[in-house]
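Down below is the structure, laid out as structure tokens.
None of the figures in this text is laboratory data; all of them are computed from the coordinates on show. Keep in mind it's a predicted model, so treat the numbers as computed, not measured. With ideal geometry, Cβ positions are generated from the backbone for all residues, glycine too; neighbour counts draw on all protein chains shown.
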Amino acid sequence: MTGTTRSSAGLSERRRRLLFRAWRRGTRELDLLTGRFADAVITELTDDEVAEFETWCSAPDLDLYNWITGSKPVPPEYDTPLFRRLKAFDHGAAAV
């Protein structure tokens with residue numbers, strides 16, 4: 001897999017930027033984790049969830065990767081229902 005499988009057509013500018021950022025985090029492993037999740041949920045996110053996802057994109061790659069994979073505890077400000085969906089999405093995809 002080389003990147004997004006979802007077209008950005010029909011998305012708002014903000015969601016297009018977020019989809020792009022989710023696929024270009026800086027490390028391929030993190031691109032795959034956040035990018036696949038963004039492909040799957042970008043159209044259904046509320047504006048607050050989009051803002052939360054944008055915050056994740058500002059976190060350092062290694063921290064975000066470790067939180068998603070469970071290597072390090074998730075800080076309380078990131079431990080939200082949407083972040084738990086991302087973690088569950090990753091584990092569900094890995095089991096396939």
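Here Glu54 meets the list (1) of a type outside the set (Ser, Thr, Tyr); (2) touching a residue at least 24 places away in the same chain (Cβ under 8 Å); (3) in contact with a Ser or Thr (Cβ under 6 Å, 6 or more places away or on another chain) almost entirely, failing just condition (3). Taking the condition among the charged types (D, E, K, R), exposed (fewer than 14 other Cβ atoms within 10 Å of the Cβ) and farther than 20 Å from Arg6 by Cα, does Asp79 pass? Yes.
To keep it simple, each residue is scored yes or no on (1) in contact with a Cys (Cβ under 7 Å, 6 or more places away or on another chain); (2) part of a loop (DSSP other than H, G, I, E, B); (3) without any contact (Cβ under 8 Å) to a residue 60 or more places away in the chain; (4) of a type in the set (Asp, Glu).
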| site | (1), (2), (3), (4) |
| --- | --- |
| Ala9 | no, yes, yes, no |
| Arg16 | no, no, yes, no |
| Arg21 | yes, no, yes, no |
| Leu33 | no, no, yes, no |
| Arg36 | no, no, yes, no |
| Ala40 | no, no, yes, no |
| Leu62 | no, no, yes, no |
